[in-house]
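Nothing in this text is a laboratory measurement; each read-out follows from the coordinates by a stated rule. Just so it is clear, the model here is predicted, and its values are computed rather than measured. FYI the Cβ positions are ideal-geometry reconstructions off the backbone, even for glycines, and counts take in every protein chain you see.
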Amino acid sequence: MKLGIDFGTSNSAAAAHIDGKVVPVSFGEAQQFRTTVYFPEVMRDPNDFELTPALEAQVEDLIESGRRDARAVGNTRSHEQLRSDAIRVVRRQWMEERIREPRSSTTLLQNAVYGDEALEAYFEENEGNLVQSPKSMLGYNLHPRAKQTITGIATHILEHIRLTASRQLQRNVRSALLGRPVQFRSSIGAAGNDQALDILRSAAMAAGFDEVDFLEEPAAAAMHYHAVSTDRHEAVIVDVGGGTTDIAHASVGGNAAPQIHRAWGIARGGTDIDLALSLAGYMPLFGRGITRVPAHHYVEAAMVQDMTRQRDFRQHNYDAVELPYGLRLQALQDTGNTARLYRAVEHCKIALSSQPSHHSMLDFIEAGLSVDIDAPHLTTAAGGYLGELEALLQQVRSDIGHDPAAVFLTGGMSRAGYIQRAAAAAFPTAKLVHGDPSFGVVQGLALAATTDGAAAGL
């Protein structure tokens with residue numbers, strides 16, 4: 001049996017096709033879990049060197065030793081020169097010690113907490129590190145140690161999925177079909193795709209899978225749509241996820257196997273809307289556009305998926321920023337508060353998919369602090385992403401040369417009215433079909449993982 005796995009930017013899920021039926025894997029009481037990891041211990045960055053009292057004592061010892069050595073050969077060196085050389089030696093030794101501690105990363109990973117529990121544990125413990133959306137890092141230029149850490153995170157997520165599935169399905173699951181975007185988020189171009197797949201393959205093998213294959217996520221969604229379509233027809237599959245937007249042109253339905261003609265994708269999705277909404281709707285409460293605080297500070301605060309930017313934000317000094325914004329920024333720097341704000345933004349985005357307005361309480365920043373956001377405000381904030389989506393849809397329409405019979409929408413962001421309106425406008429004569437926003441891809445992966453699915457050539 002081969003397990004279908006949707007390793008998502010925002011949420012992850014798994015399912016298997018057993019006795020003609022798709023069986024989802026349950027994680028607690030839910031059929032998916034947030035792709036978030038909490039490390040109870042602070043992860044040390046070899047480049048993040050600071051002089052502790054113990055290290056300062058080593059520096060002073062080296063300064064005194066250097067002074068004696070210089071005198072012995074008749075040289076004179078300034079205190080600044082001696083101190084600079086001493087710090088360089090201590091820093092090099094410190095970095096070498098970090099490198100010689102391979103167990104440290106392993107220990108961190110074994111003590112990690114995943115899913116919504118990761119957020120709660122992070123808020124409760126008020127220390128450690130929170131990694132949100134590790135999938136979004138797979139295609140970036142990574143230092144070897146960072147690559148090792150990300151691989152370890154992915155390994156434990158996939159191991160959690162494999163063991164949970166094995167217990168639930170009462171068989172030792174050793175084969176997996178993983179969904180992948182057409183284009184991973186990347187800072188190194190096409191090489192990012194290869195790197196991301198290498199990391200996922202290595203992680204899956206380390207997690208206990210003996211066989212690992214990949215299928216583009218829109219092709220998996222097409223498999224799901226095919227299974228519920230009686231008549232043969234042409235369709236455009238639009239999968240809007242947290243980190244990427246993927247589109248496939250396919251022939252589905254009827255007795256013949258589904259056929260994927262072509263696929264398109266951009267490395268943009270729901271998390272980009274989260275960032276835009278945070279900057280436009282929430283960060284003015286912290287002085288964005290009002291104070292002289294540089295704009296990039298607010299981007300650093302909002303991008304909770306980027307540990308480097310989060311660290312940079314916490315190091316800024318806001319003592320001189322006018323009230324009430326300085327105090328609010330200082331409160332936002334407190335451990336866990338950028339994650340709390342991100343969760344509030346995400347809840348607002350989801351709520352506005354079905355409600356005209358949303359009220360967010362931000363008591364963790366300041367007593368009584370709140371903000372009201374309406375649906376038009378969200379649509380305006382999402383304008384940058386919507387422009388890219390509309391351009392992609394127009395490209396698909398141009399490449400195909402005509403409207404398909406249907407446009408099948410899936411992915412978490414497909415709930416949003418502005419996404420649905422963009423798809424309908426791009427293909428005005430096509431029937432708009434709404435798939436399962438959260439589980440369309442994983443159901444398709446489960447189907448494609450069967451012998452029949454593999455034979456379909458997806």
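In this simple spin-label approximation, L369 and R262 carry label points 7 Å from Cα along the Cα→Cβ vector, and these lie 4.9 nm apart. With Rg and the Kirkwood Rh both taken from Cα atoms, where does Rg over Rh land for region 362-458? Ratio value, two decimals: 1.13. The ellipsoid equivalent to the alpha-carbon distribution of region 271-383 has semi-axes of 22, 15, 13 angstrom, derived from the gyration tensor eigenvalues as √(5λ) and listed largest first. Taking 14 Å as the straight-line reach from the Cα of K349, the aspartates and glutamates in range (excluding those fewer than 8 positions away in the same chain) are D272, D274, D372, D374. In whole Å, how far is the Cα centre of region 139-197 from that of region 250-280? Here the answer is 19 Å between Cα centres.
Structural descriptor for the chain: relative contact order 19 percent, calculated from alpha carbon pairs under 8 angstrom and at least 6 residues apart. To the nearest 0.05, how large is the calculated FRET efficiency for S398 and R314 if R₀ is 51 Å and r is the Cβ-Cβ distance? The formula returns an efficiency of 0.65 here. The alpha-carbon of K2 sits under 20 angstrom from the alpha-carbons of these lysines, leaving out residues fewer than 8 places away in its chain: K21. Annotation: the chain has a Kirkwood hydrodynamic radius of 24.2 angstrom, from the mean reciprocal C-alpha pair distance. Across region 67-76, rounded Karplus estimates of 3J(HN,Hα) from the backbone phi angles (6.51 cos²θ - 1.76 cosθ + 1.60, θ = phi - 60°) give 5, 5, 5, 5, 5, 5, 9, x, 9, 10 Hz, Gly and Pro being marked x.
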